[in-house]
Every structure is written in C-alpha cells, then in structure tokens.
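Have a look at the structure below before the remarks.
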Amino acid sequence: MLNISASYTDLYQLTMAQVYFKTKPDSTAVFDYYFRSNPFKGGYTIFAGLQNILEILENLRFTDADIEYLKTHDFEDDFLEYLKNYKFQGNINSISEGDIVFPTSPILQVEGNIIEIQIIETVLLNILNFQTLIATKASRIRYSAGDRVLLDMGLRRAHATGGYFATRAAAIGGFNSTSNVKAAEDFNIQASGTMAHSFIQSYGDELQAFRDFGKIRSKNCVLLVDTYNTLRSGIPNAITVAKEMEERGDRLMGVRLDSGDLAYLAKKARKQLDEAGLEYVKIVASNQLDEYVIKSLNEQDAPIDIFGVGTNLVTGKPDASLGGVYKLSEFNGDPRIKVSENIIKVSLPCKKQVYRMIDDNEMFLGADAIGIASEDKIKRMYHPFDFNKEMDLQDFKHEALLKPVMVKGKGTIGKKTINEIAAFTKERLKLLPAEYKRFENPHIYKVGLSEALKSQRDKLIAAHKS
C-alpha cells in the first residue's frame, strides 16, 4: 500500500518543476506544512502520518510508464530524463508523530532542491492531512469513551482505499482494534469482528445461526442480536447458546446491538444476561456512533463495554478535510512570504523552530511560540493576527518541537509501532489541560511569534505593499 509512484501528484507540481529545471535548477527552498484551524471546532489536533510519508519519500520514483504518459503532456525530453532519475534527497524537520499540534504553527518543514521538494507537495498533503484529521476524530471519541474498548468498523464506509490509512490513524488516536484485516496485518493492530445480519437471515432460524457460529468460531464470539427482535429473541437465543458453550468449556464473549435505543436496549440486555448468570458477557454497540452519541450513552449509564464506530470515524464527519497547506518560507536562503487581504492567510517567512511552553507542574502551559530557527529562547511572543496581544515567556521551560526526521532523503528516526505512537499520544494528552479537550467552547491554545519572526514578517509585508 505504500509503494506509491511519484506521478501520484498534481499536474501543476510538474509544470512548475519543469520551469524550475529550466531556470533555477540548483535553487534551494524551505516549505512549511501547517493548518489554519482545528477540526471539529475542537481545541487541539493530533498529528499523524509522518512515518508513512518518510517511507514513501525514501522510495518515490517515476516509473517508465509514468515517463511515457508524461510525454503526452508536452514535457521536454531533458526534463523527462531528469524525472527518470528523480530521487528525493531533501531534509525534513518535524514534530513527533502522535503529538498535539495547533493552528498556524509549522508541523513539518522540508528543505532541499526546489524541484525535489515541489514535486512531493501533493503526496505529503494527501497523507498527512487525512491521517491527522482521523487521528483527531479518534482521539475525541476516545475522550468520550473513557476506558471502554473502541473498535474501528469503518472500512466499508470509507473513501475507497482511504480506509487503510484511516485504520492506522484511528489506532494512533486511541482505538483498540479494527475490522480492517489488511491494515491490522500491516500495522500490527488487533483485528476484531462480529457477524452480519445476512448470516442470521441465511439460516432463517436465529438460534441455529447462533449455535453454528458459537461452535465454529468459539473464540471471541460475539452474536448480533437485533436481526428480528433484540429482547424477545436475540438476547434469549444468545443466552441459550452461551449456556451451551459453557457446557463445552467455552465462553460467549459478547452480544452486539446495532439498532434502536441503544441505552435502553443495553440496560435491558444487561439485566437479562446477569439474571442468567452471564455477567461476563460483554455488550457491544454500533450504529452511527461518534463522540457525541457515546458521550450521551455514558451520561445515561448505558452498560456498554465496546463501541464499534464506522462512518463518522473514517470519513472525519462532519469536517471531511483538515485543510493543511504547504507554503514556501525561504528561497536560496532569503525569507519569502505570501501576502493576503485575509490576514489569517498571510504565511510566515524563514526557517523556523517551534517551542512548547511547559509550566512548573510539567504540564502544557497553553502556549506555543514560533521563532526563527537560530533562536533558542523566546522572551516574549506576539499574537500572529491581533497585534495588541502579547505574552511574557521568560519564566517557562521551552520544549523544541521540530526535530530532524530525514536527512538527504534518508529517514533518521527508528520505525515505531502503532502502539508506541498511540502511547505517546496518550501521554501528551495527559499534559494538555482539560479545558482544551472539552467539546463545547474549548479554550483556544495560544500560538504566537517571536519578536524576531514578527519583525521579519512585518518587513516583508511592508515591502510587498510599497
């Protein structure tokens, strides 16, 4: 799934690259990857996809078939010859995958030959924007679910093969398992599943369907109990099969509710199971779940042990896209800026470093400062858009976030398992105060500019307006 051709790009990346090849072949540049607003009207975002993009870039090449196709788009022979030997050899500094990130702040910085780093823009945005969106959605669902088990069931509802990377991102955000077999295999995520209504319908006899399933798939057996009538037939038949399994030395793992009033049905099902001495049988709930539905179920004390989440997770509903951008900040060592009438779209010049402020309790202060790369201490930061707001940072610990992850086209960090990245995310979220994690009116995490960076930006804006 990660064997991606370099032609996985937008045409304008290649047309620009050809002009650079003809006019500025040895020029160098720095690009920043960042986004302008948190998804889901939330207070934070989880960065995901870094390990995948590093692997993709190490192996990114144009195939012979790609070159033949590009001949039909009026690319000149010498440029096509260059593309035949294309290999990304740039440097990348990045925030760690799984860390918490905030709007306007550089998450990843790419430096190298202008042609090489222009060509990678599309694949970089494609991978990072999507996984970051889904990891953030998963994190919000995890926040609602508490310690209860979360199962990703979204592959069939995902945007085609996007479901593959959605599963990876969901695990980073806190999901325990997935129905997606290929992603589970490749990323070493626990694979889980139950059954479909069609299985029970094919028998016509719900009890016999449960019996056969329980005999042949006795380990981790979960029975879907709402095909006909959840409380009158589904749960009673599941109880019958559970007792038969006990006689064979097996145990029914759970029953699944996939429709109706989930809080009401879960309470009634729990009562029936407990009265039958089946306190160990878990209740799984699915059907259009998201962070808000799960929060409501928990507030109703619904005795649900496992939440299966599909469509709303893997599509990033309701946002669908993160909107991350890739902007030029330096060219041949000189700072560059994009000016806009909309101040939020004015880019930040220079090669930069991002510092997270840590308070006396080793918690995130609620402030990240962006400075020029040469700065190692930022005394005061300034709001990027409201020039009347500033903040003294002298008394706080500075944690540098952008670190080398690729040098001359080779990854420099060891490959981490999904469990390791997810554990890192969990630890970082513990350092984020609760007011940034709530769903309604979360606190706005402050992101500001150092005096040196602000001055450089203001000079460039003034120069372009003159």
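The values are calculated or read from the model by the stated rules, or taken from the named source; none is laboratory data. Remember, predicted model here, so these are calculated numbers, not experimental data. In this analysis, Cβ positions are derived from the backbone assuming ideal geometry, glycine residues included, and neighbour counts consider all displayed protein chains. Remember, those area values only see protein heavy atoms, side chains included, never the ligands or the DNA or RNA. Shrake-Rupley method; radii C 1.70, N 1.55, O 1.52, S 1.80 Å.
Within the same chain, aspartates and glutamates fewer than 8 places from K351 are excluded, and of the rest, those with a Cα less than 18 Å from its Cα are D32, E111, E116, E121, E330, D334, D368, E375, D376, E399, E451, D458. Spatially, region 193-220 and region 111-150 are offset by 37 Å when compared through their Cα centroids. DSSP bridge analysis restricted to the chain gives an antiparallel fraction near 65%, rounded to the nearest 5. Using a cut-off of 28 Å between alpha-carbon atoms, which lysines can reach K243, once sequence neighbours fewer than 8 places away in the same chain are excluded? Partners found: K215, K219, K267, K268, K271, K282. Protection proxy ranking for 301-309, 457-465, 387-395, using the average of other Cβ atoms within 10 Å per residue and placing the highest first: 301-309, 457-465, 387-395.
Residues in region 104-120 carry Karplus couplings, in order, of 6, 8, x, 9, 9, 10, 10, 9, x, 4, 4, 5, 4, 7, 6, 4, 7 Hz; the curve used is 6.51 cos²θ - 1.76 cosθ + 1.60 with θ = phi - 60°, and Gly or Pro positions show x. Here is the list for region 53-84: GluC sites (Glu not before Pro) lying in DSSP coil, each with at most 14 other C-beta atoms within 10 angstrom of its C-beta, are E76.
Beyond 13 Å, what percent of the Cα pairs of region 266-305 remain? Cα-Cα pairs of region 266-305 separated by over 13 Å account for 54 percent. Here region 232-282 and region 46-102 have alpha carbon centers that stand 52 Å from each other. Over region 114-161, the pair-distance histogram of Cα-Cα distances with 5 Å bins from zero comes to 5, 15, 18, 19, 16, 10, 8, 5, 3, 1 percent, rounded to whole numbers. Debye sum, Cα scatterers, region 42-166, no solvent: what log₁₀ I/I(0) at q = 0.15 1/Å? Here log10 of I(q) over I(0) equals -0.84. Take the Cα of K410, step 7 Å toward its Cβ, do the same at H197, and the gap between the two points is 5.6 nm. Percent of Cα pairs in the chain per distance bin of 10 Å, from zero to the largest separation: 4, 18, 25, 22, 15, 10, 5, 1, 0.
Taking amide H positions as modeled 1.01 Å from N, with prolines and chain starts lacking one, the residues under 5 Å from T28 and 5 or more places away or on another chain are I114, N332. Of the residues S340, S286, the one with the largest accessible area comes first in the ranking S340, S286, computed with a 1.4 Å probe on protein heavy atoms.
Taking only the alpha carbons of region 137-249, we obtain Rg and Dmax values of 16.3, 44 Å in that order. Placing +1 on the Cβ of every Lys and Arg and -1 on the Cβ of every Asp and Glu, with no other charges, gives region 133-291 a dipole of roughly 260 debye about its Cα centre.
Label separation (K379 vs N229): 7.9 nm, computed from points 7 Å beyond Cα along the C-beta direction. For region 89-191, carbon and sulfur atoms together expose 46% of the accessible surface, with a 1.4 angstrom probe and every protein chain in place. For region 231-339, pairs of C-alpha atoms spaced more than 19 angstrom apart make up 58 percent of the total. If the chain linking T311 and T63 were pulled fully straight, counting 0.36 nm for each residue of separation and taking away their Cα-Cα distance, it would gain 85.8 nm.
At q = 0.18, 0.33 Å⁻¹, what base-10 log of I(q)/I(0) does the Debye formula yield for region 357-397 when every alpha carbon is treated as an equal point scatterer in vacuo? Cα-only, vacuum Debye calculation for region 357-397: -0.53, -1.20.
The phi torsions of region 51-61, fed into the Karplus equation with coefficients 6.51, -1.76 and 1.60 and a -60° offset, translate into couplings of 4, 5, 5, 5, 5, 4, 5, 4, 10, 6, 9 Hz, rounded to whole numbers, with Gly and Pro shown as x. Relative to its residue count, region 34-85 spans a Cα convex hull of 149 Å³ per residue. Annotation: peptides 228-237, 252-261, ranked by per-residue average of other Cβ atoms within 10 Å with the highest first, follow the order 252-261, 228-237.
Give the dimensionless ratio obtained when the Cα radius of gyration of region 327-422 is divided by 2.2 N^0.38 Å. In units of the 2.2 N^0.38 Å rule of thumb, it is 1.31. Note on region 198-260: Rg/Rh from C-alpha atoms, Kirkwood Rh, equals 0.93. Counting 0.36 nm for each residue step from N3 to D359 and taking away their Cα separation leaves a gain of 123.8 nm.
A 1.4 Å probe run over the protein chains yields, for region 317-407, 51 Å² of accessible area per residue, whole-number rounding.
Here's how it looks for A6: its modeled amide H is under 5 Å from those of R61, F62, T63, which are all 5 or more places away or on a different chain.
Rounded to the nearest 0.05, the FRET efficiency derived from the C-beta distance between Q300 and I444 at R0 = 30 Å is 0.45. With respect to the chain, whose longest principal axis is taken over its alpha-carbon atoms, helix 418-430 is tilted by about 80°. One Cα centroid belongs to region 371-447, the other to region 303-328; the line between them spans 22 Å.
Across region 355-371, coupling constants 3J(HN,Hα) worked out from phi with the 6.51/-1.76/1.60 Karplus curve, θ = phi - 60°, read 10, 9, 7, 10, 8, 5, 9, 6, 9, 5, 5, x, 8, 10, 10, 9, x Hz, and Gly and Pro carry x. Full extension of the chain segment joining N220 with A462 gains 80.6 nm, where the gain is 0.36 nm per residue of separation less the Cα-Cα distance.
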